[in-house]
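See structure below.
The values are calculated or read from the model by the stated rules, or taken from the named source; none is laboratory data. Since we're looking at a predicted model, the values are computed, not measured. FYI the Cβ positions are ideal-geometry reconstructions off the backbone, even for glycines, and counts take in every protein chain you see. These accessible areas exclude ligands, DNA and RNA; they are computed on the full protein's heavy atoms, side chains included. Shrake-Rupley method; radii C 1.70, N 1.55, O 1.52, S 1.80 Å.
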Amino acid sequence: MMTASNKVPPKVDWEKNKILIIDDQRSASLMLKSLLTPLGIKHIDIADTYDEAVRACRKTHYSVLITDYHLNQALNGSELICLLRSKRLLSSACGIMMISGDHSTEVILSTLSVQPDCFLTKPITNTTLKQKLTQTLTDCVIRQPVYQALEVHQPQRAIELCKQQLTQFGHNQKLSDLLLDLLVEEQAWQQLKPILAFLNAKHPSHKVTIIEAKLMHHDGHLDQAIQHLEALIERAPLCVEALDTLVQYQQFNHQAFDALNTAQRAFHLTPSASHRALIVAQQAADLNKSDELLSAGRVLANHLPIIDISWIVRFAEFNAIFEQLYFSPRTNQSRRQLLQELKGIQQRAFSRLLPAQQPFLTTYGHIVRARFYLSENKPLKAKRRALIGLSHYFDRVTKLPSVILVELLPILIHLGEVLLISEVHQTLSLRDRFDGHSLQRIDSLRSNAEAASSIKNLALQLSEAKALIVNQPIDAMRLYNQILSRYPYSSDANLGYLDAYSRQVTHPNVPEELQLDQPTQSYSRQRRQAISVMPLPADYEAWRSRIFNQLDNPSPHFNEPPAATPSFLAIDLTPAYVDSAENHYSDERYSQDDSSQESASQNSCVENSYSENRAADNDSNSSRPDVIELAPTNHIQ
């Protein structure tokens, strides 16, 4: 089966190939170019930074990328390849050659994770370079038909082409591994068995052993599959794919402690692999092991994949796991210690990020703190945290990543912030891709029909009450009172009530029987205190200023309230395209250049995201307006 024919591999046409060399050392790039030029290659470009590499790939369709691993910048060579692939700037036919003078295990395993065509160690000789480049270009031509089938979503066609190319040109490790993965993905177990037998006899490899274990698991022999993987790992302790698979099977077999140990082994070998940090964190949370979870979080923060917006997705996923541990049975002191540790992890992440990305983490930190306040039944503090975090983006919600908006939305729904709910929902409804974490949050919201219905009714009632403010302020107050009994923290309701109230207490011709009693005046002071410490969008900020001025300086002349409250649409987000969080695809129309101007004003000390330095975050009750706790609403999360 798959016996090679005598077909000659395709010949390399050197003049038609275009090469991009990426190295932060210009002298190294020029030396490499001098080795390539005698081969007859006419088009050789050089990039000193990852930005230059991105721009070059936008302009030119390269045959091969030759990149150094250590680029002395925010990204290493492996991360750069992921970035270029995520932006669809590399064709499936493009060969990848990685170069490094660093032979450490981490570098080698990190490089292998992006599946390069070869890994060259410095110093590089002319003979070695020509041999590896020739092999890379030849392999790319052989694999190209398979990749073309995958690009048009024809996996069965790709499987047949894999077999055909292997038969025609002989064994090719990368193509053979791709065939095995495709057969597993397509659940083609009957096709897989004879191919495994052939490869195990003729071309044994770690991949073949791993796929054999997967076949054992499929056939119901989980213990045998685990033993098969353990034997492979004993022979090849650096085979991280085997470790990853073993973790899954140990989980299936309810070997929780073994799964955690195995996950930690894989993670220690590849600390820059953020998905492995999350696997360790989840295993630790399931076993209520805080030290292991926090350790994974620190390493994750030091190696966040900042190549695109996926870094904030990883951080959100970690926070979700952290919440699982935080809300497990434990003392208040233990929870405070955990929050302090989370603050430290955020600080580590902040230092890792690019200046354009740091404001997002600051905003997200406030939202996370708001979530904790809601869970502690401190909604007023939660509201202030959420609005402080969002305040920098009140007039540009569309700039925020989807994962931040999705984390924010349940808080806004709980608080009855209809204006912001509408803007966030509208922004999300225009997004065409979401990461897996955000989709889980969206599904949770979508399944809460009661919350969605309640917010729609709230929007209608607010519109009705606002229409009564000018001519029927007493009726408006009554209606706002009904709304506030359910949503006591709603900015719309508090401002509307105070607007109507101000027209009563300052109007010169109010009949005695309609004058407001002492309890109403006291209640109105609470409403003012509740809304006075919150950052608000511009229109509502102006509305609040006019109301407070009217209350402090009574005048017979009143301004009109802002435009009617927007109606809230049903939560029905159905993305046209969904990317797994395991991929490096961005789920946003996000550009670092768009955010770079924002970083200066938002770059204030990151501790503010978790610190208790504001009066609103002081846990001791006092007469200050920002710690007044009104009647809680139904908890919506």
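Observations
- Along the stretch 46-62 the Karplus relation, 6.51 cos²θ - 1.76 cosθ + 1.60 evaluated at θ = phi - 60°, assigns HN-Hα couplings of 10, 10, 8, 10, 5, 4, 5, 5, 4, 5, 5, 6, 5, 8, 10, 8, 8 Hz to successive residues, with x for each Gly and Pro.
- Pairs from Lys87/Lys193; Lys87/Lys174; Lys11/Lys214 whose Cα-Cα separation, in the structure shown, is over 29 Å: Lys87/Lys193; Lys11/Lys214
- Applying both filters, DSSP loop and at most 13 other Cβ atoms within 10 Å, to the chymotrypsin sites (Phe, Trp or Tyr not before Pro) of the stretch 299-405 gives Phe327.
- For the stretch 258-327: rounded, prolate or oblate by the Cα gyration tensor [a/c cutoff 1.5]: oblate
- Whole-Hz Karplus values for the stretch 241-256 come out as 5, 5, 5, 4, 5, 4, 4, 4, 5, 5, 5, 4, 8, 6, 9, 4 Hz, taken residue by residue from phi with 6.51 cos²θ - 1.76 cosθ + 1.60 and θ = phi - 60°; glycine and proline positions read x.
- Amide H contacts under 5 Å for Gly170, placed H, 5+ residues apart: Ser5
- Placing dummy labels 7 Å off each Cα toward the beta-carbon, the span from Asp102 to Asp51 is 2.2 nm.
- Gyration tensor over alpha-carbon atoms, the stretch 46-111, equivalent ellipsoid semi-axes in Å: 20, 13, 10
- Between Gln521 and Asn377, the C-beta separation translates, for a Förster distance of 41 Å, into a calculated FRET efficiency of about 0.90.
- Cα gyration tensor shape of the stretch 209-316, rounded if a/c is under 1.5, else prolate or oblate by comparing a/b with b/c: prolate
- Between the stretch 410-427 and the stretch 94-125, the alpha-carbon center distance in angstrom: 48 Å
- Summing +1 for each Lys or Arg and -1 for each Asp or Glu among the other residues whose beta-carbon sits under 12 angstrom from that of Ala158 gives -2.
- For the stretch 1-158, the alpha-carbon coordinates run over 46, 34, 33 Å along the three principal axes, in decreasing order.
- The amide H of Ile46, built 1.01 Å from its N in the peptide plane, has Ile21 as neighbours under 5 Å, considering only residues 5 or more places off or on other chains.
- The HN-Hα couplings worked out from phi for the stretch 124-133 by the Karplus form 6.51 cos²θ - 1.76 cosθ + 1.60 (θ = phi - 60°) are 9, 9, 4, 5, 5, 4, 5, 4, 5, 5 Hz, whole numbers, x standing for Gly and Pro.
- Inter-part distance where the stretch 435-509 and the stretch 186-246 are each reduced to a Cα centre, Å: 59 Å
- Net charge, Ser463 excluded, C-beta distance under 12 Å - Lys, Arg +1, Asp, Glu -1: 0
- Heavy-atom surface analysis with a 1.4 Å probe gives the stretch 20-177 a carbon and sulfur content of 50 percent of its accessible area.
- Carbon plus sulfur fraction of accessible area for the stretch 304-384, probe 1.4 Å, in percent: 47 percent
- Given Lys381/Lys466; Lys132/Lys163; Lys18/Lys42, the pairs whose alpha carbons are separated by over 18 Å: Lys381/Lys466; Lys132/Lys163
- Theoretical FRET efficiency, 1/(1+(r/R0)^6), r = Cβ-Cβ of Arg486 and Leu430, R0 25 Å, to 0.05: 0.25
- Once the 1.4 Å probe is applied to the protein heavy atoms, the stretch 250-390 comes out at 33 Å² accessible per residue.
- In this structure the amide hydrogen of Leu120, modeled in the peptide plane, comes within under 5 Å of the amide hydrogens of Met98, Ile99, Ser100, none closer than 5 places in sequence on its chain.
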